[in-house]
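Right, one structure below, let's go through it.
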Amino acid sequence: MKLRTLARVLGFSAMLAAGQAHADLILNVAGVSEYRARGLSQSRFNPALQAGADYTDGGLYLGAFASTTQWIKDIPGGNADYELDLYGGYAGELVDGIGYDVGFLRYLFPDNNLHPTADTTELYAGLTYSVAKLKFSRTVSKNFLAIPDSGKSWYAELSATLDVGDGFTLVPHVGYQYISGPFSSDASYADVALTLSKDFNGLVPSIALMTTNAHRDFYNPGAGMTGDSRNLGRGTIVLGLKYNF
């Protein structure tokens, strides 16, 4: 990862902390054996370095996340080697035991040089009950991640956070990514994941099993332009190590 990217995320966090000393701020750095988002490899099966920041003040929250990526540089003319996500929202309780979460997420790929651009904006809403969470995200930018005419795409997901004892947390997840527009039948897919982690006083190792039914003809490095025909959504095991401070 470019160190300046990590510095930007941590610098963003420091600005938040300076403005609201009474609020909560958590920073993190991480390494993963592969960067996956919604089941798809963003780093072409290679390791990635990541950094993040989360600021909360009551129900209000703001955050930033950065990671090395590869998929944009796999497309001829693409020039971004990292991703920067900015997000914010508000979480609260509708009634006793049922919570809600609404917000926005902006994916940025600086100088990505793709047409249409890979930069994407989503709005989302979620409901929580006990250990379960249901979330729906809707694209509001003109396109979703450089896919032409895909501005009405959406992602629905259901997950649970389970305390399985001895400090271990197990998170099962299922999602469906719908891609609107002319590539809908080839680009839409479902994903499933199962993640096990444990927090050792801020140091969090994890292991995740995940797979998708994404079409290999559509989801391969550079959409077939690199000569690599591997499916970016194939089943895999992802190892991670994060430190929160």
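Reported value for the range 183-225: 104 Å³ per residue, from the convex hull of its C-alpha atoms.
Rolling a 1.4 angstrom probe over the protein heavy atoms with all chains in place gives the chain an accessible area of 50 Å² per residue. Using equal-weight Cα scatterers in the Debye expression, the normalised intensity of the range 108-245 in log10 at q = 0.09, 0.10, 0.17, 0.18 Å⁻¹ is -0.35, -0.43, -1.12, -1.19. Across the protein chains, with a 1.4 Å probe defining accessible surface, the residues His173, His215, His115 rank His115, His215, His173 from largest area downward.
Along each principal axis, taking the top coordinate minus the bottom one, the Cα set of the chain gives 50, 36, 34 Å in descending order.
Is the range 147-226 best put as rounded, prolate or oblate by its Cα gyration tensor, with a ≥ b ≥ c the root eigenvalues, rounded for a/c under 1.5, and otherwise prolate when a/b is larger than b/c, oblate when not? Cα axes put the range 147-226 in the prolate bin. Extents of the range 133-180, taken as max minus min of Cα coordinates on every principal axis and listed largest first, are 48, 17, 14 Å. Summarising the label geometry, the points placed 7 Å from Cα in the beta-carbon direction at Asn244 and Asn113 lie 3.9 nm from one another. To the nearest 10 degrees, how steeply does helix 3-19 sit against the main Cα axis of the chain, on a 0 to 90 scale? The answer is roughly 30 degrees.
If the limit is 28 Å between Cα atoms, which of Lys152/Lys242; Lys135/Lys242; Lys133/Lys242; Lys142/Lys242 go over it? In this structure, Lys152/Lys242; Lys142/Lys242 lie more than 28 Å apart at Cα. Backbone N atoms of the range 34-55 closer than 18 Å to the 7 Å Cα→Cβ label point of Leu203 belong to residues 50. With one equal scatterer per alpha carbon and no solvent term, the Debye-computed log10 I(q)/I(0) for the range 35-126 at 0.11, 0.16, 0.20 1/Å reads -0.40, -0.74, -0.99. Remark on the range 97-182: Rg and Dmax equal 15.9, 49 Å (Cα only). Distance between the modelled labels on Ala160 and His215, one decimal in nanometres: 3.3 nm (7 Å Cα→Cβ projection).
The values are calculated or read from the model by the stated rules, or taken from the named source; none is laboratory data. Being a predicted model, the structure only gives us computed values, none of them experimental. Ideal geometry is used to build each Cβ from the backbone, glycine not excepted, and the neighbour counts take in all protein chains shown. Side chains are part of the model used for accessible areas, which takes the heavy atoms of the whole protein and leaves out ligands, DNA and RNA. Shrake-Rupley method; radii C 1.70, N 1.55, O 1.52, S 1.80 Å.
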